[in-house]
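Visitor: First, the structure itself, so that you have it in front of you.
The values are calculated or read from the model by the stated rules, or taken from the named source; none is laboratory data. Values in this document were obtained by computation on a predicted structure and should not be read as measured data. When we count neighbours, we look across all protein chains shown, and the Cβ atoms used for this are built from the backbone with ideal geometry, even at glycine.
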Amino acid sequence: MPATDLEQIVSLCKRRGFVYQSAEIYGGFRSTYDYGPLGSLLLRNVKEAWVRSMVQQRDDVVLIDAAILSPPQVWQASGHLANFTDPLVDCTECKQRFRLDKLDDPDVCPNCNSKGAFTEAREFNLMFKTQAGPVEGTGADAYLRPETAQGMFTNFGQVLQTSRKKPPFGIAQVGKSFRNEITPQNWIFRTREFEQMELEFFVPPAESPQWYEYWCNERLNWYIEHGIPPEMLRLRAHDDDELSHYSSGTSDVEFAFPWGFDELEGIAQRSDYDLKQHAEHSGERLDYFDPQTNERYVPYVIEPAAGATRTMAAFLLAAYDEDVVNDETRTVLRLHPRLAPYKVAVLPLSKKDTLTPLAHEIRLLLAERYMVDYDETQNIGKRYRRQDEIGTPLAVTVDFDSLDDRAVTIRDRDTTEQVRVPIDELLATVGDRLGF
Ligand code: ATP
């Protein structure tokens with residue numbers, strides 16, 4: 001049974017060192033989170049799994065890493081300065097602010113229940129503005145990017161020239177984005193600083209509908225392949241009134257969060273809107289000349305845009321499980337091995353000096369290839385429980401017999417089954433079990 005209550009995951013993550021409230025020693029900074037020893041590994045693994053599927057295993061996508069700070073011209077051209085807004089209302093009774101389009105009842109304050117106490121909605125721009133350089137003034141204005149996507153459009157020409165790709169091809173990016181959300185909520189689901197994993201896939205205009213279908217399926221399947229049960233996912237096509245003016249179709253991959261189905265990723269047909277905007281504002285040519293047909297055209301774009309931090313929350317919720325082993329209830333995170341923070345735990349049966357050298361030899365052997373945890377505190381049962389709770393797929397126990405027979409015991413997180421394996425075959429066996 002996956003977690004039904006967000007609090008189950010939030011408290012596990014705090015207790016075990018996945019996610020902490022940021023600046024907690026100063027009372028905490030609202031809506032920002034720090035990723036601890038386990039959370040930073042999990043988040044990194046989510047991003048690496050995405051890059052592996054979207055870049056490494058394909059020959060038609062390249063990766064970039066663009067700057068977070070950017071000048072106003074970029075956001076002028078993209079439309080964000082004018083349109084990247086949410087409708088904000090104030091409750092005149094309790095003085096709280098809300099995003100109008102996210103209220104259950106647009107007439108009732110969810111904080112103090114006052115009816116009809118909201119001000120008129122006004123559009124609030126979500127971009128964080130700052131200044132670059134020591135001199136204040138309009139020339140120094142800069143913005144923290146609210147999405148990674150514009151980096152792919154502004155670099156389109158250079159990537160096309162240097163990568164030897166031609167449409168259909170994609171530019172991918174993973175990194176931080178910032179939005180001054182009116183109502184950040186639900187832990188790491190909606191925060192003001194977060195991470196995105198975005199692909200801009202450039203295609204000949206006529207092929208746009210078929211690539212849109214293709215990416216909707218690919219992206220839905222990615223979550224399933226990485227361990228989310230299909231029944232916890234759905235693909236929801238946007239209604240016409242939700243679509244941006246340049247989009248001829250958008251679908252969201254949604255996950256069954258404890259509060260209902262909600263967005264993990266949006267897949268949008270963006271037409272040639274972005275490249276044309278940047279071409280017009282920059283005066284640079286952002287198009288493709290096809291030498292085969294002698295035609296010059298502005299490619300259409302399909303954009304699968306996912307959140308890494310939000311997706312991490314979904315993977316944790318889906319992986320959470322409780323079962324009974326030896327009459328004892330245990331909590332286990334059934335994370336996909338690629339996502340698990342540690343792949344293997346090395347657990348010497350005793351802290352005695354006689355076992356330590358061999359245990360460290362095994363740790364080093366495995367650490368060449370995998371992220372390994374080493375733990376010699378407490379009794380072995382407690383150590384297994386801890387590894388189950390942080391999602392480590394395999395535990396390797398080194399005992400006194402290991403000194404004589406050069407063999408160790410591998411324990412499986414999901415089945416708790418144990419098998420004895422010669423140390424010489426350990427790396428190969430672990431590889432078979434994990435699948436990599
Ligand atoms: P929403 O409607 O929830 O505000 P959006 O549709 O504006 O999101 P996009 O601009 O499509 O979101 O961003 C792509 C992805 O980036 C989202 O599907 C989500 O996973 C992630 N994302 C967007 N905003 C946030 C946020 N404030 N915190 C965490 N992740 C976010």
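Visitor: Would the range 131-140 turn up any residue that is touching a residue at least 12 places away in the same chain (Cβ under 8 Å), assigned to a strand (DSSP E or B), more than 16 Å from the ligand (Cβ to nearest atom) and more than 18 Å from H278 (Cα to Cα)?
Guide: no
Visitor: I'd like the full set of residues that are hydroxyl-bearing (S, T, Y) and either surrounded by fewer than 16 Cβ atoms within 10 Å (Cβ to Cβ) or touching a residue at least 60 places away in the same chain (Cβ under 8 Å) (or both), limited to the range 399-428. Spell out the reasoning first.
Guide: Quick first cut of the range 399-428, residues hydroxyl-bearing (S, T, Y) only: 402, 409, 415-416.
Scanning the range 399-428 gives T415, T416.
Visitor: I've got another one for you. Have a look at A340, A359, A367 and point out the one that is touching a residue at least 12 places away in the same chain (Cβ under 8 Å) and closer than 14 Å to L426 by Cβ.
Guide: Sole residue among the options that is touching a residue at least 12 places away in the same chain (Cβ under 8 Å) and closer than 14 Å to L426 by Cβ: A359.
Visitor: Right, here's the next one. In the range 185-234, how many residues are assigned to a loop (DSSP other than H, G, I, E, B) and out of contact with any Phe, Trp or Tyr (no Cβ under 8 Å at 6 or more places or on another chain)? I'd like the intermediate steps shown before the answer.
Guide: Residues of the range 185-234 that are assigned to a loop (DSSP other than H, G, I, E, B), as a first pass: 186-189, 191-192, 204, 226-229.
Filter again for out of contact with any Phe, Trp or Tyr (no Cβ under 8 Å at 6 or more places or on another chain), leaving 229.
Total satisfying the criteria: 1.
Visitor: Let me ask something else about it. Might you check whether a residue that is surrounded by 15 or more Cβ atoms within 10 Å (Cβ to Cβ), more than 9 Å from the ligand (Cβ to nearest atom), hydrophobic (A, V, I, L, M, F, W, C) and closer than 26 Å to V51 by Cβ occurs anywhere in the range 287-300? Give the derivation first.
Guide: Step one: filter the range 287-300 for residues surrounded by 15 or more Cβ atoms within 10 Å (Cβ to Cβ), giving 287-288, 297-300.
Right, trim to more than 9 Å from the ligand (Cβ to nearest atom) and you get 287-288, 297-300.
Imposing the further condition that a residue be hydrophobic (A, V, I, L, M, F, W, C) reduces the set to 298.
Filter again for closer than 26 Å to V51 by Cβ, leaving none.
Checked against the condition, which is being surrounded by 15 or more Cβ atoms within 10 Å (Cβ to Cβ), more than 9 Å from the ligand (Cβ to nearest atom), hydrophobic (A, V, I, L, M, F, W, C) and closer than 26 Å to V51 by Cβ, the range 287-300 yields no hits at all.
Visitor: Let me ask something else about it. Taking the range 373-411, which residues are part of a loop (DSSP other than H, G, I, E, B), more than 33 Å from the chain's Cα centre (by Cα) and acidic (D, E)?
Guide: Passing the criteria: only D399.
Visitor: Looking at the structure I just gave you, is E265 modelled with pLDDT under 95, among the charged types (D, E, K, R) and either farther than 19 Å from S208 by Cα or within 10 Å of the ligand (Cβ to nearest atom) (or both)?
Guide: In short, no.
Visitor: Might you check whether a residue that is in a loop (DSSP other than H, G, I, E, B) and either out of contact with any helix residue (DSSP H, G or I) (no Cβ under 6 Å at 6 or more places or on another chain) or of a type outside the set (S, T, Y) (or both) occurs anywhere in the range 269-280?
Guide: The answer is yes, given that some residue of the range 269-280 is in a loop (DSSP other than H, G, I, E, B) and either out of contact with any helix residue (DSSP H, G or I) (no Cβ under 6 Å at 6 or more places or on another chain) or of a type outside the set (S, T, Y) (or both).
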